[in-house]
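Read the figures in this text as sums done on the coordinates, not as results from a lab. The model shown is predicted, which means the values in this text are computed figures rather than measured ones. As a convention, Cβ positions derive from the backbone with ideal geometry for all residues, glycine included, and neighbour counts pool all protein chains shown.
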Amino acid sequence: MNNVEKYLMELLDSPLQLGALILGLIAFLAIIVFANSYLFYFRLMFLNLRRNIIRTSLTAIASIVLVFVVTLVWTVLWFLNLVTSEKAKDFKAIITEKWQIPSQMPYAYEASLSEGAPSQEGDYKIDKSIDAMTWQFYGATIDPEKKTRDNIIFFFSMEPMKMTKMMDGMDEYSASQLDQLNKLCEEMVKDKRKIIVGTERLQAINKKVGERIKLTSFNYKGIDLEVEIIGSFPEGRYNQSAILNRDYLNDSLDDYNRKNPNSKHPMSNRNLNLVWIRVPDKDVFQKVERQITDSPSFTSPAVKVETASSGISTFLDAYRDLLWGLRWILAPFILATMALIIAVAISISVRERRKEIAVMKVIGFTPIQILFLVLGEAVMVGGFSGLISSIATTMVINNVFGGIKFPIAFFPVFMIPIDAIWWGPAIGISTALGGSLLPSLSACRVKVSEVFARTS
């Protein structure tokens, strides 16, 4: 599926966006045709807008702000739809404990789960050296006396050399950035005490690359680690993340148990949080899923297998009401507000110009021409405001703020898609049409006799 097909599928999944785009395109084409055929009328529309520059400016500013908000909302929804959409190929599956959140499985599960739990000849076997990765979550503070957000680090404990090959979002980085990350991972393999921390997390804890710090864990109590920060992630979704060599954590846990043979650490038998495996397509995924769920080896505790996108969807269940509100309440409300603002502005303009409209009819303007003149004024304001807003939003959010940051470290940073540049004009034009339709009909129905009777 090429980019065009993907974009069309995304539009079909969002009737609101599709409707706005269609109406916007129709209106835009209509105005182009009208302006090309009647340059005089196009100039007249422009002059009418200039007549009350304050009202036009305020209407445009309100439209710009509202388009900005809608663009942000649609961006989040667009990206969430993207990350929760199943792929046709290159599936990633997540294996977690079935009934408990957060997932906590025995580390003894790792060997079999990373291979897809083959148990007999003909079963599909994952190449765990390439297509499997484990995560252990290690939370710690650099100040045990003061546990605040500014001194806490949340680690993904994993095999370092699998990071750039298995973690989502690595394709966002350039070849040189990936090369640098791989070199850092090689250092982590040579020295288990070395870690990588995201730039924003480094700033929050007020530390720099090259510093050594002591970590006091709050979920692996008693497993305190001394580490050295050797680098950070490039700007992007992992700004708040940190990577720890899993061997360092597991070796430290083993050392604790050797020193305390009569009281093993509480995390000893539940220190595997999740397993990622990659399969070529959906058929293989379903086969591996059956192998794992049918295996008697994973019953206490039981495990579940789901695609990465399904796992993210499950995670987002906690935000279901918020996302529903964004899609079906906030965005439509903003669009309706925008249409109302334009309707009020155009209505005032029409009321002020009733005598002028009557004169236009006297000298030969048809009701249709007046209708298009008034509609055209609204569309010019809406389309121009939408275009300015979408371009400014894309540049500011992507280039200045580095995207819309989600409060979960491993979640993507939402970047305004390039397609959003067309969202603005589409929103502006469609809402302008909706808001100005009644005032425009009112304008073309102005009766010459009534207007002049009042002025005589």
Most exposed first by the Cβ proxy, i.e. fewest other Cβ within 10 Å, how do VAL400, VAL197 rank?
VAL400, VAL197
How much length is gained if the chain between SER268 and ARG351 is pulled fully straight, taking 0.36 nm per residue apart and subtracting their Cα-Cα distance, in nm to one decimal?
22.1 nm
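Express in nm, to one decimal, how much length is gained between ASP294 and ASN257 on full extension, taking 0.36 nm for each residue of separation and deducting their alpha carbon distance. Don't skip to the end; give the middle numbers.
Numbers: separation 37, 0.36 × 37 = 13.32 nm, distance 3.26 nm.
This chain segment gains 10.1 nm when fully extended.
Which length gain, in nm to one decimal place, applies between SER174 and LEU340 when the Cα-Cα distance is subtracted from 0.36 nm times their residue separation? Intermediate results must be reported in sequence, preceding the final value.
On the way: separation 166, 0.36 × 166 = 59.76 nm, distance 4.54 nm.
55.2 nm is the gain from fully extending SER174 to LEU340.
So, counting K/R as plus one and D/E as minus one, what does the shell of residues with Cβ under 14 Å around ALA343 add up to? Mind showing how you got there, number by number?
Numbers: positive: ARG55, ARG351; negative: GLU377.
Here the count lands on +1.
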Give me the lysines in straight-line cross-link reach of LYS447: C-alpha distance below 30 Å, same-chain residues under 8 apart excluded.
LYS355, LYS361
Excluding ALA443 itself, calculate the net charge of residues whose Cβ lies under 9 Å from the Cβ of ALA443, where each Lys or Arg counts +1 and each Asp or Glu counts -1.
+3
List the lysines whose Cα sits under 18 Å from the Cα of LYS98, skipping any in the same chain fewer than 8 residues away.
LYS304
Using a basic spin-label model with each label point 7 Å from the Cα along Cα→Cβ, how many nm lie between ARG212 and ILE363?
8.7
Ordered by number, the GluC sites (Glu not before Pro) in the range 125-221 that occupy a DSSP loop and have at most 11 other Cβ atoms within 10 Å are GLU145
Amide H partners (placed H, <5 Å) of LEU244, local residues excluded:
PHE156, SER157, MET158
Just for the Cα atoms in the range 100-301, what are the lengths along the principal axes, largest first, rounded to whole Å?
53, 50, 30
Calculated FRET efficiency, ASN81 and ILE54, Cβ-Cβ r, R0 35 Å, to nearest 0.05?
0.30
Inter-probe distance in nm under a simple model that places probes 7 Å from Cα toward Cβ, at ALA453 and ARG193:
9.7
From the residues LEU274, TYR138, GLY122, which one has its Cα farthest along the dipole of the range 100-301 in the positive direction, the dipole being from +1 and -1 charges on Cβ of Lys/Arg and Asp/Glu about the Cα centre?
TYR138
Apply the Karplus parameterisation 6.51 cos²θ - 1.76 cosθ + 1.60, with θ equal to phi minus 60°, to every residue of the range 214-226 and state each ³J(HN,Hα) to the nearest whole Hz, in sequence, with x for glycine and proline.
10, 9, 10, 7, 10, 10, 10, 4, x, 9, 9, 10, 9
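Give me the dipole magnitude in Debye, nearest 20, for the range 100-301 about the Cα centre, with unit charges on the beta carbon: positive for Lys and Arg, negative for Asp and Glu.
Values: 28 positive and 31 negative charges, 145 e Å.
Dipole size: approximately 700 debye.
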